[in-house]
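The values are calculated or read from the model by the stated rules, or taken from the named source; none is laboratory data. Note that the structure is predicted; figures quoted are calculated from it, not measured. Positions of Cβ are generated from backbone atoms using ideal geometry, with glycine treated the same way; all protein chains shown enter the neighbour counts. Heavy atoms of the whole protein, side chains included, go into the accessibility calculation; ligands, DNA and RNA do not. Shrake-Rupley method; radii C 1.70, N 1.55, O 1.52, S 1.80 Å.
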Amino acid sequence: MSQIALLKSPDLIIVGAGLAGLLTAWRCLETRAAQNVLILEQKDDYAGNQTWSFHRTDLSAESFEWLRPMVAHNWLAYSVRFPAYERELSLEYCSSNFASLKGAISSLIERGALQIRLNVQTERIERARVILTNGEILAAPAVIDATGFTPSPHRILGYQKFVGHVVRTEKPHGLKHPIIMDATVPQKDGYRFVYCLPYSLDELLIEDTYYEDDASLSENLIAARIDDYAKSQGWTIAETLGREKGVLPITLASDIGAQLAAEDGAPRIGLAGGLYHAVTGYSFANAVRTAMAIGDLPKLTPETLSAAIEKERRGHASRERFFRLLNRMLFRAGKPEKRYAVLQRFYNLSEPLVEKFYAGELTIFQKSRLLIGKPPVPIGGALYNMSERSFVKRNRKTP
């Protein structure tokens, strides 16, 4: 990346050049909440190497129009596969990636309004300055921490782990729309499924995903499972065009009040702030909502930023309470190899319910609908893990 002279006095410093940090910078520059933004990134590139997907209805009409330049693909339906059934849902599904995000913000970088400083190691991220490990101090009227996931004794987690390959097949693969979950694959040690996005007649993303209790990732083992899956579908891989991997936190329980009280320094957004869908790990819609909340502030100061971000985080934690309960059922109430039954039951419900689930906007009736009927986990395990407060007390680990 060509280097432009660094801003002497940026209006806003964001630490972390991932999805949340870049979207927030973009929005603040677009609304003129900031005239110039400096982003600090510890890696040697920005925007990561990932795919971010979302349902069209996860976003408001206004936010979707804003983000349209970075939508790389969209489909009008997708399918799910479970041992008991296969189903197609007529819900619009969209996908963005690091390349489309870079393209969307390229003009901001070219005119110098957004500057990204790479290979930067930070010692401390404060509300109006950042101290680097080399002793350099960078000051600004406001600072945001978007450095990514940080463990906390006040957030009890499972993990969603994935390895994905973008491949070109020798012959057309035959997929007309995505397969969001193919859980007909062997289940072992946790819920596992394969995720497929068709980009063209012979190009697609094949991603092997699984939910487990620990954060370790066996990349080579998972990569071999991708090859096996392709063969099982009758696809011969002619070329691997790209690779991605990740370990995403899945929240089983949290104490947002204790979490916020324990934090100091700059306010946190993105995965650092716990702003992701508790069950699916999807973070795109939350990153968009946070960026718009910050970008629409009349003035960026440590006080206005902290207040806006705390409001977003507390609201999100409240809305996600039911989803954390579902995670406790998924991870702790039943046997790991039977976790798929929870999702198998869910995807057999109505399309409007599925749509609202991903958007994080379930009504009381829809929540009741998810819980009514024969439970896919043992009753004893479900009751034992019902109370979030008790669960946090049992599982909290002091530093």
- Message: Out of the residues in region 143-170 meeting the condition of being part of a strand (DSSP E or B) and hydroxyl-bearing (Ser, Thr, Tyr), tell me which one is nearest to residue 120 (Cα to Cα).
- Response: 159
- Here is a list of conditions, (1) modelled with pLDDT of 95 or more; (2) open to solvent by 40 Å² or more (accessible area, probe 1.4 Å), and residue 290 meets all of them except one; can you say which number that is? (2)
- Note on the structure: Scanning region 309-326 residue by residue, those open to solvent by less than 20 Å² (accessible area, probe 1.4 Å) and either farther than 30 Å from residue 383 by Cα or part of a loop (DSSP other than H, G, I, E, B) (or both) turn out to be 309, 320
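Can you report the number of residues in region 54-81 which are small (Gly, Ala, Ser) and under 16 Å from residue 295 (Cβ atoms)? Quick ask: steps written out before the conclusion?
Residues of region 54-81 small (Gly, Ala, Ser): 60-61, 63, 72, 77, 79.
Filter once more, so that each one left must be under 16 Å from residue 295 (Cβ atoms): 60, 63.
Matching residues across region 54-81 total 2.
Looking at region 209-219, can you tell me whether even one residue there is within 16 Å of residue 240 (Cα to Cα) and open to solvent by less than 40 Å² (accessible area, probe 1.4 Å)? Full working, then the answer.
Filtering region 209-219 down to residues within 16 Å of residue 240 (Cα to Cα) leaves 219.
Cutting the leftovers down to open to solvent by less than 40 Å² (accessible area, probe 1.4 Å) gives us none.
No, the conditions are met nowhere in region 209-219.
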- Note on the structure: Taking region 7-42 and keeping residues more than 18 Å from residue 136 (Cα to Cα) and among the basic types (Lys, Arg) leaves 27, 32
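Scanning for something touching an Asp or Glu at 6+ places or on another chain (Cβ under 7 Å), open to solvent by less than 60 Å² (accessible area, probe 1.4 Å) and more than 30 Å from residue 174 (Cβ to Cβ), does region 126-138 turn up at least one residue? Please lay out each step first, then the result.
Going through region 126-138, the residues touching an Asp or Glu at 6+ places or on another chain (Cβ under 7 Å) turn out to be 131-133.
From what's left, open to solvent by less than 60 Å² (accessible area, probe 1.4 Å): 131-132.
The next check asks that each one be more than 30 Å from residue 174 (Cβ to Cβ); those that pass are 131-132.
So far as region 126-138 goes, yes, one or more of its residues are touching an Asp or Glu at 6+ places or on another chain (Cβ under 7 Å), open to solvent by less than 60 Å² (accessible area, probe 1.4 Å) and more than 30 Å from residue 174 (Cβ to Cβ).
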- Note on the structure: Counting only residues in region 335-356 that are out of contact with any helix residue (DSSP H, G or I) (no Cβ under 6 Å at 6 or more places or on another chain) and assigned to a loop (DSSP other than H, G, I, E, B), the one most open to solvent (accessible area, probe 1.4 Å) is identified as 335
- Task: Confirm whether residue 242 is surrounded by fewer than 17 Cβ atoms within 10 Å (Cβ to Cβ) and not polar (S, T, N, Q).
- Result: yes
